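The values are calculated or read from the model by the stated rules, or taken from the named source; none is laboratory data. All values derive from a computational prediction rather than experimental measurement. Counting neighbours? That spans all protein chains shown, and the Cβs are built from the backbone with ideal geometry, glycine included. For accessibility, only protein heavy atoms count, side chains too; no ligands or nucleic acids. Shrake-Rupley method; radii C 1.70, N 1.55, O 1.52, S 1.80 Å.
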Amino acid sequence: MKGGYTHFMEKEIFEQAETIAQTMQGRVKITPLSPMKYAVPGIDPYLMPRVRMGGLVDHVSTIRRSRRLMFIACGTSYHAAMACRQTVEELTEIPVVLELASDLLDRRCPIFRDDTCVFVSQSGETADTFRALEYAKACGALCVGVTNTVGSAIARNTHCGIHINAGAEIGVASTKAYTSQIVAITMMSLVLSEDAISKRQRRDEIIDSLCNLPDLVRRTLKLNDQIKQLAADLKDEQSCLMFGRGRNYATAMEAALKVKEVSYMHSEGINAGEMKHGPLALVDDKLPIVVVSTMDTMHSKMAGVIQQLMARNGRLIVIANEEDDEMVDIVNGKYPIVQVPRVDDALQPVVNIIPLQLLSYHLTCLRGYNVDQPRNLAKSVTVT
Ligand code: F6R
């Protein structure tokens, strides 16, 4: 069942190249070429859609006309929506709102008939998310499910949806579902923007990157030995911080959740844009700080963050891209750098989370805790 791995979490981390490919199978034209390059003479290449999602086709025009897209979820599934927010806004030009299901219910948040609510849930059974779905339906919104479990309560009760097709996830800590959720929501935004001529080039870039993603994930997993060594250096710490910004604020939040839930080490995800508004006071030469600083639109700001943390003697671990010589120069051999492959900004969070999933896995093993069944947690939270 564990296919030669010691734990389900380990297996599920290592199968992500395949699970991501499964999420795209039959939906994305797997070709590394943009439509102009495989155009058939006389046929508008853009009449041949490169991304299709059968579960959405009947509702695409309604979703496009929505006043808002509200993503509603808990835990890791919420972080997946957070990682995609900028891409969905950029491609659809519809305002995106993120809601924790429990908080939405606590506030009885206003939802309108012309809102589209997207319920993201690996299990499809999370009680808060399901209750939020009932509430949104009663408000008259169109409800879309993004789930990994066919026949689950959320899959059955939404108007339409996407099955992420990542295969059963057994480890309590969600790993492969997270990366497949990001891929699925990205594909959804590609489908929703298919009619926008101004987005054609950007869509092509993202689709080409989707095609390359499984190979890049496979390459990222080769960092395992380096991460195991990093985990050995950190295993006796009580706490660590995760800094990220833009799309990778989600990476920082998700990494912190993974570390705390399985290794029981306190960890906090921090938006690096908020650094000067409090967190900087924590920085010293002892507290480990993982800084996610890949070459997206936040790169120069994150380089500045790293310089400021270094000026305060922060104990850093930097996640950067393979070709990022500037970051290597800044760090100047003083701190470990984990160099991950570069991919389109929209998908970089998929690659970036992998070393941090591995870090939480190895920390847990080294600290001697139960990787697949952390204390007090259930795989599917069916009570509110
Ligand atoms: C963390 C984790 C949880 C779930 C959350 C929502 O690793 O697994 O945070 O993401 O309980 O569960 P689903 O996605 O099943 O609704």
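Restricting to DSSP loop positions (anything but H, G, I, E, B) with no more than 14 other Cβ atoms inside 10 Å of their own Cβ, which trypsin sites (Lys or Arg not before Pro) remain in the range 260-339?
On the way: sites: Lys260, Lys276, Lys286, Lys301, Arg312, Arg315, Lys334; in loops: Lys286, Arg312, Lys334.
Counting only loop positions with at most 14 other Cβ atoms within 10 Å, the trypsin sites (Lys or Arg not before Pro) in the range 260-339 are Lys286, Arg312, Lys334.
How big is the charge dipole of the range 309-368 about its Cα centre, in debye rounded to the nearest 20, if each Lys and Arg gets +1 on its Cβ and each Asp and Glu gets -1 on its Cβ?
Details: 5 positive and 8 negative charges, 120 e Å.
So the dipole magnitude of the range 309-368 works out to roughly 580 debye.
Could you point to the residue in Leu241, Thr251, Ala231 farthest towards the positive end of the range 130-271's charge dipole, with +1 and -1 charges on the Cβ of Lys/Arg and Asp/Glu respectively?
So the residue we want is Thr251.
Write down the radius of gyration of the chain and its Dmax, each obtained from C-alpha positions, in Å.
20.4, 65
Distance between Cα centroids, the range 59-79 to the range 360-384: provide it in whole Å.
Each part's Cα centre sits 29 Å from the other's.
Assign unit charges at the C-beta atoms only (+1 for Lys and Arg, -1 for Asp and Glu), then state the dipole size of the range 280-330 relative to its Cα centre in Debye, rounded to the nearest 20. Show your work: numbers first, answer last.
On the way: 4 positive and 9 negative charges, 89 e Å.
Result for the range 280-330 is approximately 420 debye, rounded to the nearest 20.
Please give the FRET efficiency for Lys2 paired with Val57, using the beta carbon to beta carbon distance and R0 = 41 Å, rounded to the nearest 0.05. Display every interim value, and only then the final one.
Values: r = 38 Å, r/R0 = 0.92.
Approximately 0.65, to the nearest 0.05.
Can you give me the P(r) profile for the range 240-356? Cα pairs, bins 10 angstrom wide beginning at 0, each as a whole percent.
P(r) over the range 240-356, rounded to whole percents: 15, 52, 31, 2.
How much length is gained on full extension from Lys286 to Glu90, taking 0.36 nm per residue of separation minus their Cα-Cα distance? The partial results should precede the final answer.
Working: separation 196, 0.36 × 196 = 70.56 nm, distance 3.93 nm.
My answer for the length gained is 66.6 nm.
Can you give the accessible area per residue of the chain, in Å², using a 1.4 Å probe? Write out the running numbers ahead of the final one.
Numbers: 15540 Å² over 384 residues.
It amounts to 40 Å² per residue over the chain.
Across the range 367-382, in residue order, what do the Karplus-derived ³J(HN,Hα) couplings come to in whole Hz, using 6.51 cos²θ - 1.76 cosθ + 1.60 with θ = phi - 60° and x for Gly and Pro?
Taking θ as phi minus 60°, the curve returns 8, x, 9, 7, 5, 7, 9, x, 4, 6, 10, 10, 5, 10, 8, 9 Hz for the range 367-382.
What's the longest piece of the chain with no exposed chymotrypsin sites (Phe, Trp or Tyr not before Pro), counting a site as exposed if DSSP puts it in a loop and it has at most 16 other beta carbons within 10 Å? Please report the intermediate quantities before stating the final value.
Details: sites that count: Tyr5, Phe112, Tyr264, Tyr369.
In the chain, the maximal stretch lacking such sites is 113-263.
Which distance in nm do the two modelled labels at Val97 and Glu322 give, with both placed 7 Å along the Cα-to-Cβ direction?
It works out to 4.2 nm between the two label points.
On the accessible surface of the chain, probed at 1.4 Å, how many percent belong to carbon and sulfur atoms?
On the way: 7700 of 15540 Å².
That fraction is 50 percent.
Treat the range 232-306 as a sphere of radius equal to its Kirkwood radius over Cα pairs and apply Stokes-Einstein at 10 °C in a medium of 1.306 mPa s; give the translational diffusion coefficient in µm²/s, rounded to a whole number. Intermediate results must be reported in sequence, preceding the final value.
On the way: Rh = 12.6 Å.
Rounded, D is 126 µm²/s.
My understanding is that a pair violates if its Cα-Cα distance is over 28 Å; which of Lys11/Lys276; Lys199/Lys379; Lys258/Lys286 do that in this structure? Display every interim value, and only then the final one.
Values: Lys11/Lys276 39 Å; Lys199/Lys379 39 Å; Lys258/Lys286 21 Å.
Table pairs above 28 Å Cα-Cα are Lys11/Lys276; Lys199/Lys379.
Run the quick spin-label model on Thr297 and Asp233: label points 7 Å from Cα toward the beta carbon, then report their separation in nm to one decimal.
Placing both labels 7 Å beyond Cα along the Cβ direction yields 3.3 nm.
Kirkwood Rh over Cα pairs of the range 298-384 into Stokes-Einstein at 20 °C, 1.002 mPa s: D in µm²/s?
Details: Rh = 15.5 Å.
Rounded, D is 138 µm²/s.
Using helices alone, what [θ] at 222 nm do you get for the chain, with -39,500 (n - 2.57) per DSSP H run of 4 or more residues, divided over all residues and rounded to the nearest 500? Each step should come with its number before you reach the end.
Working: 14 runs with 164 residues, N = 384.
That comes out to -13000 deg cm²/dmol.
Only bridges whose two residues both fall in the chain count here: according to DSSP, what percent of them are antiparallel, nearest 5? Show your work: numbers first, answer last.
On the way: 1 of 39 bridges.
Percent antiparallel among DSSP bridges in the chain is about 5.
Could you tell me the distance between the Cα centroids of the range 179-211 and the range 289-354, to the nearest Å?
Between the Cα centres of the range 179-211 and the range 289-354 lies a distance of 25 Å.
Quote to one decimal, in nm, the extra length available between Glu274 and Val381 on full extension: 0.36 nm per residue of separation minus the C-alpha distance between them. Could you put the intermediate results ahead of the total?
Working: separation 107, 0.36 × 107 = 38.52 nm, distance 3.12 nm.
So the chain would gain 35.4 nm between Glu274 and Val381.
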